[in-house]
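The values are calculated or read from the model by the stated rules, or taken from the named source; none is laboratory data. Values in this document were obtained by computation on a predicted structure and should not be read as measured data. Heads up, the Cβs are rebuilt from the backbone with ideal geometry, glycines too, and the neighbour counts pull from every protein chain shown. These accessible areas exclude ligands, DNA and RNA; they are computed on the full protein's heavy atoms, side chains included. Shrake-Rupley method; radii C 1.70, N 1.55, O 1.52, S 1.80 Å.
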Amino acid sequence: AAPQTLEAKNCEIIRKLVKAKCEGKSKLQMIFSKLDKDHSGTLSKQELFKLITIIIKRNDEAASVFTKEIFDAMWLDLCNNKNVIDHDRLSEWIFPQTGK
């Protein structure tokens with residue numbers, strides 16, 4: 001496997017922390033619903049930023065690597081050039097299926 005870039009490693013630190021905090025898909029659904037203010041079934045870039053900021057607030061390692069550039073890279077990876085992300089896509093990113 002090719003060595004990961006620093007950006008990829010930092011994104012992975014954030015993803016793992018979000019996964020640990022969410023514990024499972026049902027808790028993620030609850031958090032997602034609270035942040036989906038317009039009940040559209042999707043999160044905007046600002047709503048996702050808020051979710052990640054809340055989750056990493058008390059984690060020094062994650063807070064130190066969570067920059068605008070890292071968030072923008074995560075957003076591009078997640079949204080596939082759309083301006084919103086739905087719950088299923090976020091769930092796939094946080095809880096990836098192993099063996100792919």
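Quick notes on this one:
- Farthest toward the positive end of the dipole of the chain, out of Met74, Cys11, Ser33, is the Cα of Ser33, where the dipole comes from beta carbon charges about the Cα centre.
- Value of D in µm² per second that Stokes-Einstein yields for region 22-96, Kirkwood Rh from Cα pairs, at 25 °C (0.890 mPa s): 193
- Links that overshoot a 19 Å alpha carbon limit, given the list Lys21/Lys57; Lys27/Lys82; Lys9/Lys37; Lys27/Lys50; Lys37/Lys57: Lys27/Lys82; Lys9/Lys37; Lys37/Lys57
- Across the chain, C-alpha contacts under 8 Å between residues 6 or more apart give a mean separation that, scaled by the residue count, equals a relative contact order of 39 percent.
- Ranking by accessible area, most exposed first, for Leu6, Leu76, Leu35 with a 1.4 Å probe: Leu6, Leu76, Leu35
- Global form of region 1-66, assessed from the alpha-carbon gyration tensor, a/c cut-off 1.5: prolate
- Our estimate of slack between Ala73 and Thr53, defined as 0.36 nm per intervening residue step minus the Cα-Cα distance, is 5.7 nm.
- Full-extension gain in nm, Lys34 to Ser91, via 0.36 nm per residue minus C-alpha separation: 19.0 nm
- Glu7 exposes around 90 Å² of accessible area when a 1.4 Å probe is run over every protein chain in place.
- Inter-label distance, Leu6 to Ser64: 1.3 nm, where each label sits 7 Å from its Cα along the C-beta direction.
- With every protein chain in place and a 1.4 angstrom probe, the accessible-area ranking of Ile13, Ile54, Ile94, largest first, reads Ile54, Ile13, Ile94.
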